[in-house]
1. Dividing the Cα convex hull volume of the range 215-260 by residue count, how many Å³ per residue is that?
2. Find, among the trypsin sites (Lys or Arg not before Pro) in the range 188-267, those assigned to loop by DSSP (not H, G, I, E, B) with at most 16 other beta-carbon atoms within 10 angstrom.
3. Identify all aspartates and glutamates with a Cα-Cα distance to residue 281 below 14 Å; exclude those on the same chain that are fewer than 8 residues away in sequence.
4. Could you pull out every residue, at least 5 positions away or on a different chain, whose amide H is within less than 5 Å of the one on residue 9? Hs are placed 1.01 Å off N in the peptide plane, and Pro or chain starts have none.
5. If I stretch the segment between residue 358 and residue 214 completely, what's the gain in nm (0.36 nm per residue apart, minus their alpha carbon distance), one decimal?
6. What do you get for the angle between helix 364-374 and the principal long axis of the chain? Use alpha-carbon atoms, 0 to 90 degrees, nearest ten.
7. Please give the FRET efficiency for residue 152 paired with residue 244, using the beta carbon to beta carbon distance and R0 = 35 Å, rounded to the nearest 0.05.
8. So for the chain, taking the charge dipole from beta-carbon charges (+1 Lys/Arg, -1 Asp/Glu), which of 6, 395, 274 sits furthest toward the positive end?
Amino acid sequence: MYGLVLEGGGAKGSYHIGVYKALMEEGVEIKGVVGTSIGALNGAMIVQGDYDKCYELWSKITYSMVVDVNDEEIERIIQLKLGREDLRFIKEKIKELIGYKGFDITPLKRLLDEYIDEEKIRNSGMDFGMVTINLSEFKPLYMYIEDIPKGELTQYLLASAYLPFFKAEKLGGKRYLDGGFYDNLPYRMLLNKGYKDIILIRTHAKGITRRLYLPNTNSILISPSGDIGKSIEYDSTRSRLNIKMGYYDGLRAIRGLRGQRYYVIPKDNKDYYLEFLLRIKEEDIRKLQKILKLPQAPYRRSLFEDIIPRICSLLSIDKDYDYEDILIYLLEKKAEKCKIERFKIYTFEDLLSQVIDKRIPCNREARSINRLIEKVEILPIFNKDETILEVANVIFSSDNCT
């Protein structure tokens, strides 16, 4: 059974929920969960077996559910749709915030009281832990459920997520600070419990993240494959998108799907991609030589000795990558330009069929710069994306894909 580590990150925590959905569907059994800040809050709901309630909460999340604010006013500020009245409003709010010494988090407290079931967590048979900082005693705290006095779990969850801009108050007579300021990804808690199978879900939020060192373990690291917004972006639309991304990123990790942005089923036939490259016609290899500013050479030799290394350089692909990585990465670049649906599982052929012979022309600025560069016979590195797209147009033409 696996131990699950949930990194802190405020509103970015919606990503955890999508990943966990994938883990459930793939039959991954979780024995223990540790987390910091929002990772601890999400972890508590996972341990108590209330994924559906947690999903529902994130799907409708708003700023006013976390701090005492007006959602419409916050949205106007974020969208920068401000008039004179709005600027006066912001000035007054800043005065109010300074006067109250922080945001009122009464709504967050109500959420914890409504959604956290301490008895379920204690009776779950699962390990559960969190991190906070005791400011009154100037020390970090790594706490498991058995270390927390009965009836005080919500207080310690709040302590793990207590940010400096929250209204200063004591919890149980002591002051606490968000555990992310000490250890935002507390995987060592599971190592110390003897876990060898560990899944870590990142948010890459600001905080102190200890260097990953997981010797002699079977560890799976799952990170966002795209932007998941800001830690303070408590917006239901963003949360639902993060959940979807987390779900597909989770499937990628568990099923071994290929791709950086898309989700491509790997081939059993490892020679498929070599055979694909060998089908590229001589005239198209000559086109690639021209696009990549390479000298004329025997076309088969040029493909493997000159063209593919140059493509890898353009794509910033490591030397350890194989032909599958190169072709999928190129295909993804074109699919993204063609605005092909991202959150779907494809075979290579499925994704290829969506972009074959779809040509996305270079923009005018790119054409002008390329004309100047042609005169000096160097690779147009200032228009790398356009060059990659031209290469993809040649390789993924119907002449080479049938």
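Each value in this text was obtained by applying a stated rule to the coordinates, not by laboratory testing. This structure is a prediction, so every number in the text was calculated from the model and none was measured. Positions of Cβ are generated from backbone atoms using ideal geometry, with glycine treated the same way; all protein chains shown enter the neighbour counts.
1. Cα convex hull per residue, to the nearest whole number: 98 Å³.
2. On the way: sites: 188, 193, 196, 202, 206, 210, 211, 230, 238, 240, 244, 252, 255, 258, 261, 267; in loops: 193, 196, 202, 206, 210, 211, 230, 261, 267.
Listed in order of number, the matching sites are 193, 196, 206, 210, 211, 230, 261, 267.
3. List returned: 399.
4. Distant-sequence amide H within range of residue 9: 38, 39.
5. Numbers: separation 144, 0.36 × 144 = 51.84 nm, distance 4.48 nm.
So the extension gain works out to 47.4 nm.
6. 50 degrees
7. Working: r = 35 Å, r/R0 = 1.01.
In this case the efficiency is close to 0.50.
8. 395
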